[in-house]
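What follows draws every value from the coordinates through simple rules; no lab data is involved. Just so you know, these numbers come straight off a predicted model, no measurement behind them. Positions of Cβ are generated from backbone atoms using ideal geometry, with glycine treated the same way; all protein chains shown enter the neighbour counts.
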Amino acid sequence: MDNKVTLCLAIDGNSIYKFSGKMNEKNMINSANTIEKLLISQSAPKDKVQNVFELFIETIQNILNYASNSIELSKNKREVTCDCSLSFFTKDNTYILESCNLIHKENKALIKDRIDSIAGLDKQSLRKLLRKNSRSKKKKHNYGAGLGYIIMSLKSKLPIEIEFTEYNNTMFKYRQKLVI
Amino acid sequence: MNDILLEQGENTPKVIMNQAKGFIEFKGKSYPENTFAFYRPITEWLKYYFNNYSDKHKVTTVNFKFLYFNSATTQIIFEILDILQDSKVKNMKIYWFYDKDNRNGLEDYEDYSEEFPELHIESKAY
């Protein structure tokens, strides 16, 4: 399998952080801490720092759980090859978090369904849905509760952008863009 | 049942669960790779604690001092609050701490307090 998902993302001049390679829990923690320090050094408001930090974590944990090339290193420890980048635009004080990874063909419909189910919901509706789904016993303790996408949508300025590109017969490249 | 004292990790909170003092606290960031595995002993402890709550005059204090948490931790917080609510223990003080300069913390408090009105969760801005 091609482990180089890199080159999925075009890194532009506004990129302030990028990662391309093997992501695991340790790298996720290091990257999240680096991003947090970077934003604090830019004097970003605290809620903005929190939103970027949390959405980076949600994005990476989704990738670790669902990417087709995710490898289980040990119990509860996974590693996956992926790309991600964070850009900053001073004009409107906006951060853009982009990621790219491989997914199995069957996960394409699952992701699309989840995004479609929350598309167009306002903040209050998203908060209500988050509460409802968080308390749903039957979905509890599954990776697939879909809460991550609700939180991404709740804390993004614009709707989540996704794109699927056929990679081979069984996999797609999955790109995700969050405007925070 | 042994008390639980977990020091703060890089992506896990400090956890204090002291039976004799009736003191429970979560402090820091919470985004372990397998959140449910991390919190399972904690929710089990809480269930045991409240199932064996014989002294009706004893006061239990629960402090939530999270900085950041992932979506799986959100589920766990709901589970913990469910356990607290199901316990029917009256002498309980539950506090949600948040940074006054960060509106997310207040919104989280609003969501939890509205979802669990019987618990009378109090907010503490710092």
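Below, the figures for the structure above:
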{"item": "Enumeration of residues in the stretch A:17-29 that are over 14 Å from residue A:67 (Cα atoms) and more than 9 Å from chain B (Cβ to nearest Cβ)", "result": "A:17, A:18, A:19, A:20, A:27"}
{"item": "Hits in the stretch B:69-126 (condition: under 14 Å from the mean Cα position of the chain (by Cα) and among the aromatic types (Phe, Trp, Tyr))", "result": "B:69, B:78, B:95, B:96, B:97, B:98, B:109, B:112, B:116"}
{"item": "Count - residues of the stretch A:68-90 that are more than 14 Å from chain B (Cβ to nearest Cβ) and of a type in the set (Gly, Ala, Ser)", "result": "3"}
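Okay, residues lined up against (1) over 14 Å from the mean Cα position of the chain (by Cα); (2) among the basic types (Lys, Arg):
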position: A:60; (1), (2): no, no
position: A:82; (1), (2): no, no
position: A:96; (1), (2): no, no
position: A:101; (1), (2): no, no
position: A:106; (1), (2): yes, no
position: A:113; (1), (2): yes, no
position: A:132; (1), (2): yes, yes
